[in-house]
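The values are calculated or read from the model by the stated rules, or taken from the named source; none is laboratory data. This structure is a prediction, so every number in the text was calculated from the model and none was measured. Neighbour counts are summed over all protein chains in view; Cβ atoms, including those assigned to glycine, are modelled from backbone coordinates with ideal geometry. Accessible surface areas use protein heavy atoms only, side chains included; no ligands, DNA or RNA. Shrake-Rupley method; radii C 1.70, N 1.55, O 1.52, S 1.80 Å.
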Amino acid sequence: MAETPLDSIPSIFQDLRTSFNSGKTKSIAWRKRQIEQLYKMCDEQKEAFASAAHADFHRPSAETFLYDCGVIRNECNHTLNHIDEWTRDEYRSDSLAYATMDKYVHPEPYGICLIIGAWNYPFLLTLSPLIGALAAGNCAIIKPSELASNSATIIAQMVERYLDPSCIRVVLGAVDQTQALLKGDINHVFYTGSTMVGKIVMRAAAEKMIPVVLECGGKCPVYIADDANIEVTAKRIAWGKGINCGQTCLAPDYILCSKTTESRLIPEIVQAWQSFYTDNPINSDSYCRIVNERHFERVNKLIDTTKVVYGGQTDAKQNYIAPTIMTNVNGTDKVMQEEIFGPLLPIITVNNELEATEFINSRPKPLALYIFTSNKSLAQKIINSTSSGSTCVNDVILQVAPQCLPFGGVGESGLGNYHGKYSFDTFSHKRSVAFSPTWSEFLVSKRNPPYDQKQIASLESLVQVRRNWLSLPRLSSWVWPFSASTTASGTKDDK
Amino acid sequence: MTETPLDNIPNIFQELRASFNSGKTKSIAWRKRQIEQLYKMCDEQKEVFASAAHADFHRPSAETLLYDCGVIRNECIHTLNHIDEWARDEYRSDSLAYATMDKCVHPEPFGICLIIGAWNYPFLLTLSPLIGALAAGNCAIIKPSELASNSAVIVAKMVERYLDPSCIRVVLGAVDQTQALLKGDVDHVFYTGSTMVGKIVMRAAAEKMIPVVLECGGKCPVYIADDANIEVTGKRIAWGKTINCGQTCLAPDYLLCSKKTESRLIPEIAKAWQSFYTDDPINSDSYCHMVNERHFERVKKLIDTTKVVYGGQTDAKQNYIAPTIMTNVNTADKVMQEEIFGPLLPIITVNNEREAIEFINTRPKPLALYVFTSNKNLANTIINSTSSGSTCVNDVIFQIAPPCLPFGGVGESGLGNYHGKYSFDTFSHMRSVAYSPMWSEFLLAKRNPPYNQKKTATLESLAKLRRNWLRLPRLGFWFWAFAALATAITTRVVVRGIKDDKWDI
């Protein structure tokens, strides 16, 4: 992978700043065009993307088509469907006290946004944030991860071909380039990656008081209640753990369940994996590899052969690790000391949801929490006693698919969120604008000194907000047609 | 002011953490009670607050009563009026592809929030963020500024008296206490103060990846077009510049206008100041003083006596600086090198709005930008060619009064925002929750390996989101209510007509 020379980085910033100052990105038509081009890119180039990811870590094309390209295309269309309403000035009104002012919130771009991608979903985690940055009217610099070097190279190539190079650029490289970019003329940083590096990024952003979004990770726990539908549960967990060889920030990291459930669960997960990848996943085209040697060694060390009940095979030459289950794991085992980011599934025994909740709460807040149960109250109880970036009941990972839900972490799993309108909001500054008329001076001038008791009392009472004691019930929009039709039909006729 | 001993701070964190973990703050009833108590505090104790601020920097009671207590009370009521809807799980729906999932956004508190206040509005800038923190269900530690020591002491006393001490505490002190707090078991930091210290706070928060809100400042420019109503403009700028003796983050910092407008404006501002404070503001009870000697000296040094056309008098014993106008100021002058935070009003000459825009854009993005003009298009041009935390046209400061508008900076003037629902959102983590049913397995199973072309294509098409080419026009609520009523009545009339054989069908 040809790294971008450090000397060229200042001129990239200069070009982008000039473009931004020219007002080019403020045009909604320009923004739509870029997003339409991004859509085209992820449609026409999906095979090229899939080949690059396959070259990087043996990733099955289907996973690139569905989880990178397909998701980006959907995000593009969702944004194109809504960008007009999002970019509009949003008029506001509330108390009578300020009724004389014309008030609205005016969304503005920050300027130059730096998007630092990760290697595990190399296209999604660079191009999906880009949609938000563009929709909001920013210029952007993308820094893909060097660990997926073929993917990074293809991104650079395609961004140059499809998007406006005066406003959107890709910088290839590693730590040096990232540091140079963080010191540069940026107005916003969007980072996806590890918590450790996330803190470094935030520290760099603090030097200039730049807003940051940090999408990190952690160990996503799965609690399986005894009343869960074991067959479906197993299939869904097996899928979530096996895609991308477990290298998904939202992958179910470890399981908490009772011994009874465990004994029913393990055969189902095994059966699911066998149906997905056959008995010998190393030969399956649907199973990918660990991204590189360093991570292979890292995950390999987490395997405690005395606790393996399924899988455990590895092949260093291919960076291959089989889908693996370990039981009788406890909180102090190596596999529980860091985010696995690999196809190992440790199972920890808990007797009930209280023990599970305690276990979860004694650890950092995870990016996602998963609960499998047929009892909705139980699920809600666990949700209300824990905290996580997001939560899914009876599935894994899919809670980030709908555009209407924000995707982000909390605590060490992340800061800020995106997806759908949240992407637009994250890359926008919401500027309050108020127009005060001159005719209201007779009211406004009451605030002028010299102060006296009477004037203060009158001013206090003029601006006072009163408590709504009568709170109107929340009426849904169906109430109106319903009441309209009942009114009409109830009208007495003239006979 | 008795500082909180550093040794106490770990205990404070332990107690608050135990309270938070007990789930006490999750109760909406508890949150409402705290906010009601905060309202009571700012009602019953307003005179006490006013005396403390007066002792601190000769602040007129009116300014504490109106701009601290009154604003806090309004924010309390606004929050109490809306907290039920804000704290509710918000159900969402969008594309058909995920219609099988029950989806909601579940607001959650972060845990323990640290609120670092500023001295210039000592009650507002500690207690207003507190409303948001409590509404969202957090515990809170407040660190008022030591520069307004009487006010800080009173805040500590009253918080202990009115609010739940197991969940809300005040720590008094200076740099040492602030550093100890930033290193403590904190989940969120809300800071109001200078940009320089804001960066230090953010750096400390980065160590633990804690979300921050930084309400800082900068030089808020005012552009006055030749077509502005000079009398009203003069009064409004005069007011904004001298309340709190110019020590307001949103105060109009400097003016940009033509020489012609300047010559008409100066007498109006002078007249306004004279009507506010008389010819000798040092004797006025309505005029406050600089907060301390250090700031008095700092602002005094910014006065260029060769450029003063009004005011300029100072009295070091009282930390008093008169409302002052300076003309023919240029960017190299000392008064343009930092946020003034004092009653000096420099005027810089520009010939038109383009020069003003250029001037504004060469400097860091301000917390607020003010435009005075009777031409709405001109105002919009300026707004669209600049960036600022917020903007007000034909007034100053008041854009932050309505709770429906977010208050915050951009760039070096700040990060994040609050007020009204934005306060609630700022102190909440919005947790996505999705319920996936079992019966949809026949659809979901399509995602399972082994992969093949056909399956992949089916899945792509199942999950695909389509572009809306036919865009429904934006029709408001009243349109639909009216349309429903009209349809119902028409249908009834027609049906009745047919039934009664009024028409031949």
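Inclusion of A:Ile371 among residues that are more than 16 Å from the chain's Cα centre (by Cα), modelled with pLDDT of 95 or more and in a strand (DSSP E or B) is warranted. Filtered by the rule that a residue be closer than 14 Å to A:Asn244 by Cβ and either away from every other protein chain (no Cβ under 12 Å) or part of a helix (DSSP H, G or I) (or both), the stretch A:270-291 gives A:Phe276, A:Tyr277, A:Pro281, A:Arg289, A:Ile290, A:Val291.
Counting only residues that are within 15 Å of B:Val170 (Cβ to Cβ) and touching a Pro at 6+ places or on another chain (Cβ under 9 Å), the stretch B:1-21 holds 1 of them. Any residue at all in the stretch B:150-167 that is open to solvent by less than 10 Å² (accessible area, probe 1.4 Å) and either over 24 Å from B:Glu47 (Cβ atoms) or at pLDDT below 95 (or both)? Yes: the stretch B:150-167 contains one or more residues that are open to solvent by less than 10 Å² (accessible area, probe 1.4 Å) and either over 24 Å from B:Glu47 (Cβ atoms) or at pLDDT below 95 (or both). Annotation: of all residues in the stretch A:396-412 being assigned to a helix (DSSP H, G or I) and more than 18 Å from A:Lys235 (Cα to Cα), the one that is most open to solvent (accessible area, probe 1.4 Å) is A:Glu412.
Looking at this structure, is B:Thr314 open to solvent by 30 Å² or more (accessible area, probe 1.4 Å), among the β-branched types (Val, Ile, Thr) and closer than 16 Å to B:His58 by Cβ? For B:Thr314, the condition - open to solvent by 30 Å² or more (accessible area, probe 1.4 Å), among the β-branched types (Val, Ile, Thr) and closer than 16 Å to B:His58 by Cβ - is met. When you check B:Ala457 against the structure, is it more than 8 Å from chain A (Cβ to nearest Cβ), at pLDDT 90 or above and either within 30 Å of A:Lys241 (Cα to Cα) or assigned to a loop (DSSP other than H, G, I, E, B) (or both), yes or no? Criteria met by B:Ala457. The number of residues in the stretch A:409-443 that are without any contact (Cβ under 8 Å) to a residue 60 or more places away in the chain, of a type in the set (A, V, I, L, M, F, W, C) and facing chain B (nearest Cβ under 7 Å) comes to 1. Being of a type in the set (Phe, Trp, Tyr) and surrounded by fewer than 24 Cβ atoms within 10 Å (Cβ to Cβ), is that true of even one residue in the stretch B:448-467? Yes, the stretch B:448-467 contains at least one residue that is of a type in the set (Phe, Trp, Tyr) and surrounded by fewer than 24 Cβ atoms within 10 Å (Cβ to Cβ).
Once the stretch B:186-243 is narrowed to residues that are more than 30 Å from B:His429 (Cβ to Cβ) and among the small types (Gly, Ala, Ser), the residue that is nearest to the chain's Cα centre (by Cα) is B:Gly240. With respect to B:Ala135, is the statement that it is assigned by TED's automatic domain parsing to the domain that holds B:Glu47, more than 20 Å from B:Val48 (Cα to Cα), open to solvent by less than 10 Å² (accessible area, probe 1.4 Å) and modelled with pLDDT of 95 or more true? Against the criterion (assigned by TED's automatic domain parsing to the domain that holds B:Glu47, more than 20 Å from B:Val48 (Cα to Cα), open to solvent by less than 10 Å² (accessible area, probe 1.4 Å) and modelled with pLDDT of 95 or more), B:Ala135 qualifies.
Against the test of being facing chain B (nearest Cβ under 10 Å) and in contact with a Cys (Cβ under 8 Å, 6 or more places away or on another chain), the options A:Asp94, A:Asp89, A:Asp43, A:Asp102 yield a single qualifying residue, A:Asp94.
The residue that is farthest from A:Ser61 (Cα to Cα), counting only those in the stretch A:276-300 that are in contact with a Pro (Cβ under 9 Å, 6 or more places away or on another chain) and surrounded by fewer than 16 Cβ atoms within 10 Å (Cβ to Cβ), is A:Thr278. Annotation note: Cβ proximity below 6 Å between a residue of the stretch B:1-30 that is more than 24 Å from B:Gly132 (Cα to Cα) and a residue that is surrounded by 15 or more Cβ atoms within 10 Å (Cβ to Cβ) and hydroxyl-bearing (Ser, Thr, Tyr) (sequence gap 6+ or interchain) occurs for B:Met1/B:Ser149. Scanning the stretch A:66-120 for residues being open to solvent by 10 Å² or more (accessible area, probe 1.4 Å) and of a type in the set (Asp, Glu) gives a total of 6. Among the residues of the stretch A:189-220, those that are surrounded by fewer than 24 Cβ atoms within 10 Å (Cβ to Cβ), more than 10 Å from chain B (Cβ to nearest Cβ) and not aliphatic (A, V, I, L, M) comprise A:Gly193, A:Ser194, A:Lys219.
Of all the criteria given as (1) touching a residue at least 12 places away in the same chain (Cβ under 8 Å); (2) of a type in the set (A, V, I, L, M, F, W, C); (3) touching a helix residue (DSSP H, G or I) at 6+ places or on another chain (Cβ under 7 Å), the one not satisfied by A:Ala206 is (1). May I ask you to list pairs of residues, at least six apart or on different chains, whose Cβ atoms are under 6 Å apart, with the first in the stretch B:274-288 being free of Cβ contacts under 8 Å to residues at least 12 places away in the same chain and the second being in a helix (DSSP H, G or I) and of a type in the set (Ser, Thr, Tyr)? Close Cβ pairs (under 6 Å, with a partner that is in a helix (DSSP H, G or I) and of a type in the set (Ser, Thr, Tyr)) amount to B:Ser284/B:Tyr277. Checked against (1) open to solvent by 10 Å² or more (accessible area, probe 1.4 Å); (2) over 16 Å from B:Pro252 (Cα atoms), B:Gly420 passes all but condition (1). Residues in the stretch B:1-56 that are more than 19 Å from B:Val71 (Cβ to Cβ), of a type in the set (Ser, Thr, Tyr) and assigned to a helix (DSSP H, G or I): 2 in all. Here B:Glu15, B:Glu44 are screened, and the one residue that is among the charged types (D, E, K, R), modelled with pLDDT of 95 or more, in the same structural domain as B:Ser151 (by TED's automatic domain parsing) and over 30 Å from A:Asn361 (Cα atoms) is B:Glu44. Would you mind finding the one in A:Met202, A:Met196, A:Met209 that is assigned to a loop (DSSP other than H, G, I, E, B), modelled with pLDDT of 95 or more and farther than 24 Å from A:Val393 by Cα? Residue meeting the stated conditions: A:Met209. Taking the stretch A:387-408 on its own, how many of its residues are aliphatic (A, V, I, L, M) and in contact (Cβ under 8 Å) with a residue 60 or more places away in the chain? Summing the residues that are aliphatic (A, V, I, L, M) and in contact (Cβ under 8 Å) with a residue 60 or more places away in the chain in the stretch A:387-408 gives 4. Do we have A:Ile397 as more than 9 Å from chain B (Cβ to nearest Cβ), modelled with pLDDT of 95 or more and under 29 Å from A:Phe427 (Cβ atoms) here? The answer is yes for A:Ile397. Let me spell it out: the conditions are (1) surrounded by fewer than 24 Cβ atoms within 10 Å (Cβ to Cβ); (2) assigned to a helix (DSSP H, G or I); (3) not hydroxyl-bearing (Ser, Thr, Tyr), and B:Leu147 meets all of them except one. Which number is the exception? Evaluating B:Leu147 over (1) surrounded by fewer than 24 Cβ atoms within 10 Å (Cβ to Cβ); (2) assigned to a helix (DSSP H, G or I); (3) not hydroxyl-bearing (Ser, Thr, Tyr) leaves (2) as the failure. Can you tell me which of (1) modelled with pLDDT of 90 or more; (2) more than 10 Å from every other protein chain (Cβ to nearest Cβ) is the one B:Arg447 doesn't meet? Of everything listed in (1) modelled with pLDDT of 90 or more; (2) more than 10 Å from every other protein chain (Cβ to nearest Cβ), B:Arg447 misses just condition (2). You will find that of A:Thr357, A:Thr306, A:Thr332, A:Thr391, the residue that is open to solvent by 60 Å² or more (accessible area, probe 1.4 Å), closer than 28 Å to B:Val186 by Cα and either outside the structural domain of A:Met196 (by the TED database) or not in a helix (DSSP H, G or I) (or both) is A:Thr332 and no other. The set of residues in the stretch A:57-107 being under 30 Å from A:Leu398 (Cβ atoms) and of a type in the set (Ser, Thr, Tyr) consists of A:Ser61, A:Thr64, A:Tyr67, A:Thr79, A:Thr87. The single residue among A:Lys317, A:Lys365, A:Lys381, A:Lys301 that is more than 9 Å from chain B (Cβ to nearest Cβ) and under 30 Å from B:His429 (Cα atoms) turns out to be A:Lys381.
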